[in-house]
1. Determine, yes or no, whether W255 is among the aromatic types (F, W, Y) and out of contact with any Leu (no Cβ under 9 Å at 6 or more places or on another chain).
2. Quick one: in the stretch 78-94, which of the residues that are in a loop (DSSP other than H, G, I, E, B), modelled with pLDDT of 95 or more and open to solvent by 20 Å² or more (accessible area, probe 1.4 Å) is farthest from P192 (Cα to Cα)?
3. Of the residues R193, R227, which is modelled with pLDDT of 95 or more, basic (K, R), out of contact with any Ser or Thr (no Cβ under 6 Å at 6 or more places or on another chain) and open to solvent by 10 Å² or more (accessible area, probe 1.4 Å)?
4. Condition first: touching a Leu at 6+ places or on another chain (Cβ under 7 Å) and either outside any helix (DSSP H, G or I) or under 18 Å from T118 (Cβ atoms) (or both). Now tell me which residues in the stretch 215-229 satisfy that.
5. Determine whether I175 is surrounded by 16 or more Cβ atoms within 10 Å (Cβ to Cβ) and more than 19 Å from T76 (Cβ to Cβ).
6. I need the full set of residues from the stretch 95-115 which are part of a helix (DSSP H, G or I) and either touching a residue at least 60 places away in the same chain (Cβ under 8 Å) or loosely packed, with under 14 Cβ neighbours inside 10 Å (or both), in order please.
7. Do you know which of the residues in the stretch 235-262 that are open to solvent by 20 Å² or more (accessible area, probe 1.4 Å) and not in a helix (DSSP H, G or I) is nearest to T167 (Cα to Cα)?
Amino acid sequence: MEAGVGTETEIPLTGGDVTEGIVRVADTVRRPIRPHTPAVHGLLRHLERMGFDGAPRVLGIDDRGREILSWLPGETPGRPLPDYAATEQTLAALALLLRRLHDAASSYHPQPDARWDTQTANVDDAPELIGHCDVTPENVVFRDGRPAGLIDFDLARPTTRLFDVVTTLRHWAPIADPADRDSVLHDVAVGPRLALFCAAYGLDPARRRALLPTARLRFERSYAAMRDRAGRDGGGWARLWQQGAGPRIRRAQDWLERNWDDLDAHLG
């Protein structure tokens, strides 16, 4: 428990989509406590014990009742995405980072009563590990133009390797209608990028064959989950929904179906 913040300057951090009230204080980040915070802290402490250096460290609770996490040096790409965030080298490095996270997390066995944020989309397969489940550009820290760390583990929860891969590829391949992509990703060949990510991660043939069906299911679950959370939780969820999250998901679904055969050919 930290005694207090003192007179140190608080710098608001506004890059995320949902969580509000996040500030930087020196080399720490202060975030509001949520019901799932203790479970996330258990995961982060396990990652530290495993030597995974791509996640924040838990440093305690401050005198305002906020969690204290270490600051990961580097930068998040922001929007619109810069050129370096769209390269094949970046995609391969991100796959390696996610694989390292999964390998470190796979030995974590949380308490049976651990409370996770389980109100967002997931698939029905038996969980294999606790995944990040929100590897968006806003949550990837770059150093020297390469992915080096992951932040904002609020949506971490029991899941599968493949689901976390699909969620990542939704944003980084991207599995999205060109109308909704950042300009640097507008004309990319998605099929080869899927194959590149899968190869760098080391995804086995069975999971590769299941990638597109998992993406199809994820889109349907994501649409329902975001709609429900916008109505129930309001805040950032409502803002995302009002900004067109639902139609974007539907366009991505349609684009996936139209391009299924071409994408599948790269995953064989």
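The values are calculated or read from the model by the stated rules, or taken from the named source; none is laboratory data. Bear in mind that the values here come from a model prediction, so they are computed numbers and not experimental data. Quick reminder, even Gly has a Cβ in these numbers, built from the backbone with ideal geometry, and neighbours come from all protein chains shown. SASA here: full protein model, heavy atoms, side chains in, ligands and nucleic acids out. Shrake-Rupley method; radii C 1.70, N 1.55, O 1.52, S 1.80 Å.
1. So W255 fits the description; yes.
2. The residue in question is P82.
3. Numbers: R227 fails: modelled with pLDDT of 95 or more.
From the options R193, R227, the qualifying one is R193.
4. Residue satisfying the conditions is M226 alone.
5. So I175 passes the test.
6. Answer for the stretch 95-115, where residues must be part of a helix (DSSP H, G or I) and either touching a residue at least 60 places away in the same chain (Cβ under 8 Å) or loosely packed, with under 14 Cβ neighbours inside 10 Å (or both): A95, L96, L98, R99, H102, A105.
7. Filtering first and then ranking leaves N259.
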